1. With respect to Thr211, determine if the residue is touching a residue at least 60 places away in the same chain (Cβ under 8 Å), surrounded by 22 or more Cβ atoms within 10 Å (Cβ to Cβ) and of a type in the set (S, T, N, Q).
2. Can you pull out every residue in region 79-104 that is surrounded by fewer than 22 Cβ atoms within 10 Å (Cβ to Cβ), closer than 21 Å to His121 by Cβ, touching a Ser or Thr at 6+ places or on another chain (Cβ under 9 Å) and polar (S, T, N, Q)?
3. Mind checking which pairs have a first residue in region 481-510 that is under 18 Å from Arg379 (Cα atoms) and at pLDDT 95 or above and a second that is of a type in the set (Asp, Glu) and buried (at least 24 other Cβ atoms within 10 Å of the Cβ), Cβ under 7 Å, 6 or more apart or different chains?
4. Can you name the residue in region 342-377 that is of a type in the set (Val, Ile, Thr) and at pLDDT 95 or above and, of all such residues, is surrounded by the most Cβ atoms within 10 Å (Cβ to Cβ)?
5. Kindly establish whether Ser403 is in contact with a strand residue (DSSP E or B) (Cβ under 7 Å, 6 or more places away or on another chain), closer than 30 Å to Ile311 by Cα, polar (S, T, N, Q) and at pLDDT 95 or above.
6. Residues to consider are Asn482, Asn457, Asn501; find the one that is under 21 Å from Gln537 (Cα atoms) and not aliphatic (A, V, I, L, M).
7. Please state which one of Glu57, Glu70 is in contact with a strand residue (DSSP E or B) (Cβ under 9 Å, 6 or more places away or on another chain) and surrounded by fewer than 20 Cβ atoms within 10 Å (Cβ to Cβ).
8. Does Val513 satisfy the criteria of being out of contact with any Pro (no Cβ under 6 Å at 6 or more places or on another chain) and not in a helix (DSSP H, G or I)?
Amino acid sequence: MGLTITEKIIKAHKVAGTLDRGGEVALKIDQTLTQDATGTMCYLQFETMDVARVRTEVSVSYIDHNTIQEDYKNADDHRYLQSAAARYGLYFSQAGNGICHQVHLENFGVPGETLLGSDSHTPTCGGLGMLAMGAGGLDVAVAMAGGAFTLTMPRIYCVRLTGALRPAASAKDIILELLRRETVKGGVGAVYEYQGTGVASLSVMQRATITNMGAELGATSSVFPSDENTRAFLTERGRADTWRGLKADDDAVYDKIIDIDLGSIEPLAACPHSPDNVKPVASLLGTPVDQVVIGSCTNSSIEDLAAAAEILKGKTVHPRVSAGLACGSRAILLAANKSGILQEFLRAGFRVLENVCGPCIGMGFAPVSNAVSLRTFNRNFKGRSGTASAGVYLVSVETAAASAVSGTITPAPVVAASANTTGSGYFADITQFANNMLLPPLPQAEAVKVRIEHGPNIKPVPAGAPLPDALKIPVLIKTGDNITTDDIMPAGAKALPFRSNIPEISKFVFNAVDSGFYDRAQKAVSGLIVGGTNYGQGSSREHAALAPMFLGVKVVLAVSFARIHKANLINYGILPLVFADSAFYNKVEQNDLLEFSNLHQILSDTGGDSIKFTAQNITKKEDIVVVLEVSEREKQILLSGGTILWTKKNA
């Protein structure tokens with residue numbers, strides 16, 4: 001039996017475990033990336049491991065999230081990250097150099113290698129044939145120290161593409177079509193692998209749009225073959241020597257096959273407030289638009305900008321619309337400037353924003369109250385834009401540009417199809433300038449002399465505590481389905497400056513959902529959270545587990561979990577329990593007192609990875625049957641009180 005691309009990469013990197021679906025497999029990690037919203041905690045954790053230098057082939061620290069410097073906090077974090085990168089042998093990408101996923105794709109991505117990043121959109125590099133996965137910062141710190149990354153062997157879904165896109169459709173519409181079919185929880189525990197004759201019609205940047213937004217499926221990763229288009233992309237960026245061909249065997253077996261005829265794809269939009277709330281743009285015609293933002297790590301390639309510029313040529317942004325451009329990298333901005341593309345945006349009336357995440361995470365350029373905001377981004381969770389009452393629509397650059405001009409949701413003109421600009425010369429002669437904000441690792445002899453700079457807002461990593469044998473704890477909050485890590489731990493200009501200060505950032509936990517949560521947690525000292533399906537979807541931010549742990553949360557009891565968040569809960573010693581039957585969800589309410597007994601014996605059970613036991617709802621005098629689905633290794637981590645304590649115990 002042949003192997004899929006995913007299986008080939010995993011087999012080549014496996015250090016322990018099995019390739020059998022559902023089994024645990026440990027992988028050697030070739031590359032890591034962090035960004036500043038998650039990076040400070042990651043490097044504080046790495047400091048505790050007493051490792052002199054990173055042990056990966058490439059590790060990069062990016063500044064792309066917390067770039068608004070209202071006071072010293074973010075600036076101090078950046079100085080800390082730069083000094084840590086210099087001390088431990090990492091590349092350092094300065095603020096303004098670009099968004100981690102785009103810059104990594106341009107400068108470091110290698111077909112057939114593994115990449116682990118402390119950001120959920122790390123699978124972007126799957127567009128050139130990497131197995132790229134998002135994870136919590138602690139998992140990334142372990143990988144930088146030379147440790148393996150352990151995950152459940154994913155199911156592998158084949159997305160079979162045939163035909164070619166029609167002129168008005170784009171790669172964004174392909175992934176929106178897949179989200180429409182699969183939903184935001186359809187890919188949990190799976191990798192989407194793209195195959196078929198239609199793959200050759202897509203450039204690497206179009207593929208990267210798809211793999212980037214594949215994170216919204218809840219998928220472990222998404223991956224394309226490495227072919228001649230991949231070679232052309234790497235050659236244009238001066239990295240032809242890193243290319244290798246990579247494809248699935250003809251007799252590879254997949255867990256599911258999804259057929260998409262590219263010729264049938266029409267312009268689509270993800271409507272508020274979920275990436276899978278997808279409707280045809282044609283059904284939204286005439287909807288007044290208040291804001292348009294083009295760019296982000298999803299849709300700011302030079303070919304995206306070229307397509308938008310063609311639509312904007314000779315036109316002006318509608319007076320009602322506030323329009324912004326946020327390039328994914330400084331290289332793209334320089335190429336757009338050199339080619340004249342940037343001038344079309346400026347002439348039309350677009351504001352040029354920093355080459356950072358910015359509006360995507362609510363860090364500036366928030367829309368007006370009750371706005372309709374069209375964005376070429378990857379997430380449109382309620383309130384994520386910085387304006388709670390705004391409705392964010394996720395669209396292609398073509399739809400965004402046409403709508404910016406008309407002032408209403410408008411499909412793109414047929415003549416403005418996204419083109420494959422590889423080989424066009426856009427990037428010629430700019431490489432020397434594009435990379436001068438990407439600082440290489442210092443030689444070891446110099447690195448050991450570097451003093452790591454901790455500002456006053458940078459606090460030590462809170463330690464957990466071993467799991468007690470019994471817990472009698474109140475339900476601090478009961479949430480619904482698809483609760484995101486944005487809901488648990490908001491981003492934005494108010495919370496993000498405290499990423500390296502857990503006592504302060506813990507005050508923001510569930511703030512947008514229930515402003516009384518922090519006070520209840522403080523009063524209760526310890527407690528649990530009850531969640532619906534797909535609890536913890538979205539960003540990989542480990543603060544959504546770390547801050548609740550700091551507030552005394554011992555258990556999260558949900559109908560089901562998103563992959564990364566469940567791993568983060570385990571890393572911080574929080575029991576991730578699921579209801580044995582979803583009907584039990586309706587038998588628990590906020591403030592109920594629940595009791596869990598004989599936990600040490602339960603976690604010592606070696607009979608399998610799924611343990612069913614009974615908890616008591618003391619308030620309602622009812623039993624609740626719950627299930628703990630963890631590996632033997634994860635049981636030991638939970639007993640120890642989290643990965644940090646487990647690592648110290650077994651060092």
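1. Answer is yes for this residue.
2. Result: no residue meets the conditions.
3. Cβ pairs passing all conditions: none.
4. Thr376
5. Considered against the rule, which asks whether it is in contact with a strand residue (DSSP E or B) (Cβ under 7 Å, 6 or more places away or on another chain), closer than 30 Å to Ile311 by Cα, polar (S, T, N, Q) and at pLDDT 95 or above, Ser403 comes out as yes.
6. Numbers: Asn457 fails: under 21 Å from Gln537 (Cα atoms); Asn501 fails: under 21 Å from Gln537 (Cα atoms).
Only one candidate passes the filter, namely Asn482.
7. Of the residues listed, the single one that is in contact with a strand residue (DSSP E or B) (Cβ under 9 Å, 6 or more places away or on another chain) and surrounded by fewer than 20 Cβ atoms within 10 Å (Cβ to Cβ) is Glu57.
8. On the way: out of contact with any Pro (no Cβ under 6 Å at 6 or more places or on another chain): yes; not in a helix (DSSP H, G or I): yes.
Considered against the rule, which asks whether it is out of contact with any Pro (no Cβ under 6 Å at 6 or more places or on another chain) and not in a helix (DSSP H, G or I), Val513 comes out as yes.
The values are calculated or read from the model by the stated rules, or taken from the named source; none is laboratory data. Since this is a predicted model, take the numbers as computed values, not measurements. Glycine gets a Cβ as well: all are built from the backbone with ideal geometry, and neighbour counts include every protein chain shown.
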